[in-house]
Structure formats: structure tokens, C-alpha cells
1. Can you compute 3J(HN,Hα) from phi for each residue in the range 51-64, using the Karplus curve 6.51 cos²θ - 1.76 cosθ + 1.60 with θ = phi - 60°, rounded to whole Hz and x for Gly and Pro?
2. Under a 5 Å amide H to amide H cut-off, with H placed in plane at 1.01 Å, what residues pair with H39 once short-range neighbours are removed?
3. Assuming 0.36 nm per residue, please report the length gained on full extension of the stretch W30 to L95 beyond their Cα-Cα distance.
4. Accessible surface of Y78 in the full protein assembly, 1.4 angstrom probe, to the nearest 10 Å²?
5. In square angstrom, rounded to the nearest 10, how much accessible surface does C99 have for a 1.4 Å probe?
6. Between D61 and L84, what length in nm is gained on full extension when 0.36 nm per residue of separation is reduced by their alpha carbon distance?
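The values are calculated or read from the model by the stated rules, or taken from the named source; none is laboratory data. Here the structure is a predicted model, which is why all the values come from computation and not from measurement. With ligands, DNA and RNA removed, areas are computed over all heavy atoms of the protein, side chains included. Shrake-Rupley method; radii C 1.70, N 1.55, O 1.52, S 1.80 Å.
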Amino acid sequence: MGDDAQAAPCAQAGNGRRCTLNGTECSGGWPGPNDGITHFDNLGFSMITVYQCITTQGWTDVLYWVNDAIGMEWPWLYFVTLILLGSFFILNLVLGVLCG
């Protein structure tokens with residue numbers, strides 16, 4: 001990729017965004033989105049990523065990165081459920097208990 005282009009995940013197989021679209025290429029050594037903080041590779045970082053999503057700060061970026069990496073069939077179901085249950089119900093329930 002060029003120096004002015006922003007790095008993004010892509011898929012070499014499966015239904016994700018192909019690496020060769022728009023002149024991009026898959027290369028090793030990229031830490032990932034948000035300087036390697038946003039990913040589901042281990043429990044700690046996945047909890048941070050889920051927390052970022054339920055606070056609704058940048059969850060659409062995470063959804064688009066997952067779509068690019070694995071395809072668009074199932075991630076929307078996970079993220080819509082996460083936002084509806086996690087953000088609008090569970091987070092408000094926790095905040096209500098803490099305030100009470």
C-alpha cells in the first residue's frame with residue numbers, strides 16, 4: 001500500500017474483502033486497527049474491544065474491520081445484538097444499580 005493509504009484488514013480466503021482490490025496488498029507485520037489494541041485475538045483485548053462497542057464509541061469501525069476480515073454474513077448479527085443487549089440494556093442496568 002502507499003504511504004498515504006490507511007491500512008485495513010483483508011482476507012486471502014473466505015468471504016472477506018479481497019486483498020488485491022483497489023491496488024492493495026496483504027502484508028505481514030501490521031499490528032492491527034488502533035495500533036493493535038482493537039482485536040479479538042485474546043481475552044483481554046477482546047474485552048476491551050467489546051467494551052468499546054457497548055459504549056457505542058467507534059463500534060461501526062470495528063464492525064467494518066470484521067466485515068473486511070471475514071465477510072458480511074454473520075458479523076452484523078453479532079454487533080447488532082451486542083449493541084441492543086449490551087449497550088441499551090446491560091450497561092444501563094449496571095449504571096442504574098450503581099446510582100441506586
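1. These are the phi-based 3J(HN,Hα) values: 4, 4, 6, 6, 7, 6, 9, x, 6, 5, 5, 4, 4, 5 Hz.
2. Counting only residues 5 or more places away or on other chains, the set is T49.
3. Between W30 and L95, full extension yields an extra 19.7 nm.
4. 100
5. The accessible area comes out at roughly 120 Å².
6. That pair, D61 and L84, stretches by 6.6 nm at full extension.
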